[in-house]
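First comes the structure, then the notes that go with it.
Only the coordinates and a few stated rules stand behind these numbers; no lab work does. Since the model is a prediction, treat every value here as computed from it, not as a measurement. Virtual Cβ from ideal backbone geometry, glycine too; neighbours counted across all protein chains shown.
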Amino acid sequence: MNPRHFSPRRLVRCLLVAAALTAAAPWTAGAVTVIKMGTVAPEGSLWHEVLQQMGQDWSAATGGEVRLHIYAGGTLGGEVDMIKKMRIGQLHAVAMSGVGLSHLEPGAAALQIPLMFDSYEELDYVRDRVAPRLESSLRDRGVVVLNWGDAGWVQFFSKTPASSPDDIRKLKLFITAGDSESLDLYKAAGMRPVPLAETDILTALQTGMIEAFDVPPLLALINQWFGLAGHMLDLRWAPLVGATVIDRKVWGRIPGRWQGPMLEAAQRAGGRLRGDIRKLGDDAIVAMQKRGLKVTTIDAATQAAWRREVEAVYPKLRGPIIPADLFDEVRRLRDEYRAGKKAPGA
């Protein structure tokens, strides 16, 4: 090559090409890669323990060449904040609830429609059948779903007793910051939503910034929020689903021979989490009652009033927030499950 023809511009171009080839090079044997994962789940909680076990399984499956580092307890912010960090490479994966999932893929909200499901069996039946569509859409948006999970039934906790929709409307209600669609819906329903990060709930209760929140009982127990909002409405508002996702580019750099075992370990973790969380959710209510929680039960007429109000809002969910065909499919599958359950010999 003639040195006179090797200009500085060409040198820069060659260096950039070399860097790109290095970034795309096959996995180097013996190198240790750390997957940085964020979650709002508190350190030491069941969610955290299951993720730690998954990390140990990943390390074992890859001979120690893939390690998982977990940032728990919302130390890196709320779920929306962590998604942003994943987008710019500060995080590689996030274990999140449906709040974060819906930020990534609005269709995920179809699994959390208020008063759509009456049981975990209904939820599982529907989720198993719509998961492939959601996973495909999430992959198109840059993330790979490692597992699905849930955190229990969302229920209302408040500083004063509340049983009817009008009772909840009187209270300043926590809502996850960054969820503009839900904010608009709550306002349209006449409620008083206060957008906050999940990590600010305790302080907001102490200062009176909020007077109520809706979360699964296990979270209220773990975070001790029920101590400042000692009334719970016995109404299964919606299941709080979740998933563990990893950046698609990061996943693509993991050798194919390891992706299978790692995915299996992640799915085992998701299965264990669902089973354990569902039992612990019921146990959490009993534990909080022993510590002074008052549970407000409602009669059939009040429950019917809740259902009428919620179903009147469905048209605002179907289409503007959740794709109309997916909303319809979820409702069809739910009805299909109920019909099959009632069929002779089912």
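Subtracting the Cα-Cα distance from 0.36 nm times the residue separation, let me have the gained length for residue 49 to residue 305 in nm, one decimal.
On the way: separation 256, 0.36 × 256 = 92.16 nm, distance 4.00 nm.
Answer, rounded to one decimal: 88.2 nm.
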Exercise for review: Please work out the Cα center distance from region 239-277 to region 116-182, rounded to the nearest Å.
Suggested key: 20 Å
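For residue 236 and residue 131, FRET efficiency with R0 = 22 Å and r from the beta-carbon atoms, rounded to 0.05? Spell out each step's value before the answer.
Working: r = 22 Å, r/R0 = 0.98.
According to the calculation, E is roughly 0.55.
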Revision key, fill the gap. The size of the Cβ-based charge dipole (Lys, Arg +1; Asp, Glu -1) of the chain about the Cα centre, to the nearest 20 debye, is 1200 debye
Practice item. Kindly write out, for region 275-281 in residue order, the coupling ³J(HN,Hα) from the Karplus curve 6.51 cos²θ - 1.76 cosθ + 1.60 (θ = phi - 60°), rounded to whole Hz, with x marking Gly and Pro. Key: x, 5, 5, 5, 5, 5, x
Practice item. For residue 33, enumerate residues with amide H under 5 Å from its amide H, sequence gap 5+ or separate chain, H modeled in the peptide plane. Key: 66, 67
**Study point:** Separation of alpha-carbon centers, region 63-98 and region 328-342, rounded to whole Å
**Key:** 35 Å
Point to revise | Helix 300-317 vs. the chain, principal-axis angle (Cα, 0 to 90°, nearest 10) | key: 40 degrees
**Study point:** Pairs of alpha carbons in the chain whose separation is greater than 36 Å (percent)
**Key:** 27 percent
Check your understanding: Can you sort 157, 327 so the residue with the fewest Cβ neighbours within 10 Å comes first?
Key -> 327, 157
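For the cross-link pairs 85/249; 159/290; 159/294; 85/279, which exceed 21 Å when the distance is taken from alpha carbon to alpha carbon? Can you show the working numbers first?
On the way: 85/249 14 Å; 159/290 17 Å; 159/294 10 Å; 85/279 33 Å.
As for pairs spanning more than 21 Å Cα to Cα, those are 85/279.
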Revision key, fill the gap. A correct Karplus calculation of ³J(HN,Hα) over region 161-169, with 6.51 cos²θ - 1.76 cosθ + 1.60, θ = phi - 60°, whole Hz and x for Gly and Pro, returns x, 9, 10, 9, x, 5, 5, 5, 4
Practice item. Report the extension gain between residue 312 and residue 289 in nm, rounded to one decimal, defined as 0.36 nm multiplied by the number of residues separating them, less their alpha carbon distance. Key: 5.0 nm
Practice item. Report, in deg cm²/dmol and to the nearest 500, the calculated mean residue ellipticity at 222 nm for the chain, where each DSSP H run with n ≥ 4 adds -39500 (n - 2.57) and the sum is divided by the residue count. Key: -16000 deg cm²/dmol
Check your understanding: Whole-Hz Karplus ³J(HN,Hα) for region 52-59, in order, using 6.51 cos²θ - 1.76 cosθ + 1.60 and θ = phi - 60°, x for Gly and Pro?
Key -> 4, 5, 4, x, 5, 5, 4, 4
Revision key, fill the gap. If R0 = 45 Å, then residue 170 and residue 34, at their Cβ-Cβ distance, give a FRET efficiency to the nearest 0.05 of 0.40
Practice item. For residue 296 and residue 278, compute 0.36 nm times the residue count separating them, minus their Cα-Cα distance, and round to one decimal in nm. Key: 4.4 nm
